[in-house]
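Report on the structure given below.
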Amino acid sequence: MADANRSIFRAEALRRHAQGRERGVLPRVIAPRTFVFLWLLAGLSGAMGVLAWATEVPEYVSGLAVVARGGEGGESSRLVVVLPAEAHPRLRVGQELLLESGPPGERMALALTAVEPGLLGPEATHERFGLRPGVAPLVTRPSAIALAAFAPPGREVSAREYVGSSYSVRVRVGSRRLLSRVPFVGPLLGASP
């Protein structure tokens, strides 16, 4: 009768079977490597989102700069910077000005030294700064006007020889978060297009 109470299974097999029930088993729908890859992808996407939120991109306004005779301060020549009227509220003394002075990609960095208090029309701009007639077709509507000191790129020619020259310029008027430039995300963050 002692044989009747004895199990037909080995004790070690029963223990392994019980441990298998206690241990969690992943469904075979997702392989473990795929599961780890998806978590890494989610973490990388989150890190990129934080980086895009933290990164600031400068905003520039494009315009025209004309070298004019010096003003009251005794300068030999100065830049009269003509920008769109919409830029006027964002202009401040000391802002960075990038002047396209030579071959494409060659720029001079200057700083704004003055900002006119209001908008000036084309005629008033020509009269106030003594711009040459050749510049007249370039200034065609009321504009925001800023000034900057002008120093020629080389020392071979004096600054007075550049009077009447015109250049493309960009003035840094602020910065925005990189994430605000992403379509559909920017408007959610309150960014204007």
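Values quoted throughout were computed directly from the atomic coordinates according to the rules given, and no laboratory measurement underlies them. As the structure is a prediction and not an experimental result, all values here were calculated from the model. Here Cβ is always computed from backbone atoms with ideal geometry, including for glycine, and neighbour counts include all displayed protein chains.
Could you rank the peptides 34-46, 89-101 by their average count of other C-beta atoms within 10 Å per residue, with the highest value first?
Values: 34-46: 10.4, 89-101: 15.4.
Packing proxy ranking, top to bottom: 89-101, 34-46.
Taking 0.36 nm per intervening residue step and subtracting the Cα-Cα distance, what contour gain separates residue 31 from residue 132 on full extension? Could you put the intermediate results ahead of the total?
On the way: separation 101, 0.36 × 101 = 36.36 nm, distance 7.52 nm.
Using 0.36 nm per residue and subtracting the Cα-Cα distance, I get 28.8 nm.
Testing the spin-label approximation: label points 7 Å from Cα along Cα→Cβ at residue 50 and residue 185. State their distance in nm.
Reported label-point gap for residue 50 and residue 185 is 1.5 nm.
Using modelled amide H (1.01 Å from N, peptide plane; none on Pro or chain starts), what sits under 5 Å from the amide H of residue 60, excluding residues fewer than 5 places away?
The answer is 173.
Would you tally the net charge around residue 60, using a Cβ to Cβ cut-off of less than 10 Å, leaving residue 60 out, and scoring K and R as +1, D and E as -1? Don't skip to the answer; put the middle values down first.
Numbers: positive: 170, 172; negative: 59, 96.
Its environment carries a net charge of 0.
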